[in-house]
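Structure record follows, encoded as structure tokens.
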Amino acid sequence: MDYKSVKRFVPENASREIPPGNPACPVNGRDVYRALASHKTIVMACNIRIPLVIPGIMRAAKEMDAVVAFELAKSEGDLKGGYTGMTPEIFVRTIVAAAKRAEFDTPFVIHGDHITVKNTTEAEVEGARALIAAELAAGYTSFAIDASFNEIPDNARITASLAGPIAERGLGLEVEVGEIKSAGTEAHLSTVGEAVELMERLTAAGVHPDLLAINNGSKHGNYLEGEKISIDLDRTGEIYRAIHDRFGVSIAQHGITGTPLHLIGKFAEYGIRKGNVGTQWQNIAHAGLPPELMGRMREWAKGAGKDIKFATKPFKAEIDAVPAPVASMIEKAAYDEAKLLFQAFRAAGTAKIVAGALVGRA
């Protein structure tokens, strides 16, 4: 499908980052989430730590006519580049350049994942405010303010204080209740009462999110060997029913890496409309990188006492410069995985739905 007619709906902050002749079509996350809210489908949001996977994801999205989101969390890409070496500006330029090479004109979202505020100090809050400003300037079209580390009154207050510039532009907004832990750790699962309280407080403050991320038992990162995957979909559905009709909010699912496709296929039935996949793309890139390079990355991580993901930044130049056959192999693996995930997410044809909603609204 030709999406040239949709280009006029690209938000101003994103459109100025697209050179003439580039087909990239980053649309407003809010437009996407609202257009798909009544459909039992899920927007796949891909945390891109290693850009080599982007062409494969784009190719699959175009083939399946699926809206996709490309995202970086604060830890992955802050003002100093996080542990990926990509600042917001570098990230957007990377996506836009990839769209040009792939002739990718299917509508997509650029999302600021996990803009975390881990405590109530002024320095922590202002750091998040500066990151939001940088992401807006770079061309992001959707944002996740994550103050879930704090008690709900503080979570709501901090979220409301940071959401102003996003709301002024009418861009996509995700918030979070119940901190989502890393694999191998336990955390309190979000409750209906907590979700409703956060939404009530945000509504009273004039903040109207599109998505709520909850802790329903999923984990970030790779699951440990033998670790059980236990996602409470019944609880998810209860929370969704409590917040959707009253506040117009759907559920964002984090921590999908390692989840069986047959279980992912059920997510849309429980109000999940955005699903984050991050570590899986890293795993695919790592599996395709030259063994000698991966060996040095593992040695670096072991010596630093850190997870292998932290080797991404110091080895970024080498990763980006792998030989063309290696890049092609990683692209193919990402394409194959993306097709399977788009199918599980029931995302085929969502780009046409979003385009129809935008054009019909004009």
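The values are calculated or read from the model by the stated rules, or taken from the named source; none is laboratory data. As the structure is a computational prediction, the values presented were derived from the model and not from experiment. All Cβ positions, even for glycine, are placed from backbone atoms using ideal geometry, and neighbour counts span all protein chains on display.
Some points to look at:
- Of the residues making up segment 239-269, those that are within 23 Å of Thr203 (Cα to Cα), in a helix (DSSP H, G or I) and in contact (Cβ under 8 Å) with a residue 12 or more places away in the chain number 8.
- Number of residues in segment 131-157 that are under 30 Å from Met58 (Cβ atoms) and either modelled with pLDDT under 95 or not β-branched (Val, Ile, Thr) (or both) equals 13.
- Among the numbered conditions (1) touching a helix residue (DSSP H, G or I) at 6+ places or on another chain (Cβ under 7 Å); (2) touching a residue at least 60 places away in the same chain (Cβ under 8 Å); (3) not hydroxyl-bearing (Ser, Thr, Tyr), the only one that Ala144 does not meet is (1).
- Qualifying residue in segment 317-337 (condition: in contact with a helix residue (DSSP H, G or I) (Cβ under 6 Å, 6 or more places away or on another chain) and over 21 Å from Leu289 (Cβ atoms)): no
- Residues (surrounded by fewer than 23 Cβ atoms within 10 Å (Cβ to Cβ) and acidic (Asp, Glu)) located in segment 46-76: Glu63, Asp65
- Pro23 being touching an Asp or Glu at 6+ places or on another chain (Cβ under 6 Å) and over 19 Å from Phe342 (Cα atoms): yes
- Qualifying residue in segment 53-67 (condition: closer than 25 Å to Pro209 by Cβ, modelled with pLDDT of 95 or more and not aliphatic (A, V, I, L, M)): no
- Every residue from segment 244-272 that is surrounded by fewer than 17 Cβ atoms within 10 Å (Cβ to Cβ), hydrophobic (A, V, I, L, M, F, W, C) and more than 17 Å from Lys339 (Cβ to Cβ): Leu263
- Residue selected from segment 100-112 under the condition over 13 Å from the mean Cα position of the chain (by Cα) and crowded, with 23+ Cβ neighbours inside 10 Å, by the criterion farthest from Phe143 (Cα to Cα): Phe104
- Some residue of segment 121-128 being modelled with pLDDT of 95 or more and either in contact with a Phe, Trp or Tyr (Cβ under 7 Å, 6 or more places away or on another chain) or closer than 25 Å to Ile239 by Cα (or both): no
- Summed over segment 1-39, the residues that are under 17 Å from Ala69 (Cα atoms) and either within 19 Å of the chain's Cα centre (by Cα) or of a type in the set (S, T, N, Q) (or both) give a count of 19.
- Scanning segment 47-60 finds no residues that are of a type in the set (Gly, Ala, Ser) and outside any helix (DSSP H, G or I).
- Considering segment 280-326, and only residues there that are within 23 Å of the chain's Cα centre (by Cα) and aliphatic (A, V, I, L, M), the residue that is surrounded by the fewest Cβ atoms within 10 Å (Cβ to Cβ) turns out to be Ala287.
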